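**Q** Take a look at the following structure, please.
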Amino acid sequence: MSKSQFHSSNIPTKFRYSMNLSNMKTKDLIHLSNEELTSYVYAIQEKLQNKLDSGLSIDDIIDEEDPFEELEPILPQEVYPILVLNIINNIRSDTIMEAIIEGLQKGIKEYKNK
């Protein structure tokens, strides 16, 4: 069985810790590699988990900001709930991440063809 390219241990440190979420826009995301998209999703997940751990509810967080806003234009409708549940529940499954990245790649192609 081959090791998945999406495993969190394969994310380069420079992306795991230095990706600036506040500056990433959809127009930037469409140029990221699969590895960088994975890092971006994990970075959103970590940021959201830190807020949840601080005592905020998901409703409080969404009232302040939409952590999924920049992904929405490139995320197919059928993948959106998978992404949201994955991030909110802090799931780090290679299989789920592969489905999310495949969905993002499909959405990126559609977004670029508009």
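No lab work stands behind these numbers, since they all come straight from the coordinates. Quantities reported herein were computed from a predicted structural model and do not represent experimental measurements. Cβ: placed from backbone, ideal geometry, glycine included. Neighbour counts: every protein chain shown.
**Q** Kindly list the number of the only condition in (1) free of Cβ contacts under 8 Å to residues at least 24 places away in the same chain; (2) part of a helix (DSSP H, G or I) that fails for Ile91.
**A** (2)
**Q** Name the single residue, out of those in region 80-95 being among the aliphatic types (A, V, I, L, M), surrounded by fewer than 19 Cβ atoms within 10 Å (Cβ to Cβ) and touching a Leu at 6+ places or on another chain (Cβ under 9 Å), that is nearest to Asp53 (Cα to Cα). Working first, answer last.
**A** Of region 80-95, the ones among the aliphatic types (A, V, I, L, M) are 82-85, 87-88, 91.
From the residues that got through so far, the ones that are surrounded by fewer than 19 Cβ atoms within 10 Å (Cβ to Cβ) too are 82, 84-85, 88, 91.
Within this subset, residues satisfying the condition of being touching a Leu at 6+ places or on another chain (Cβ under 9 Å) are 88, 91.
On the way: Ile88: 11, Ile91: 15 Å.
Looking at the filtered set, the residue picked out is Ile88.
**Q** Follow-up question, since we're still on this one. Which one of Pro67, Pro76 is under 11 Å from the mean Cα position of the chain (by Cα) and in a loop (DSSP other than H, G, I, E, B)? Spell out the reasoning first.
**A** Details: Pro76 fails: under 11 Å from the mean Cα position of the chain (by Cα).
Only one candidate passes the filter, namely Pro67.
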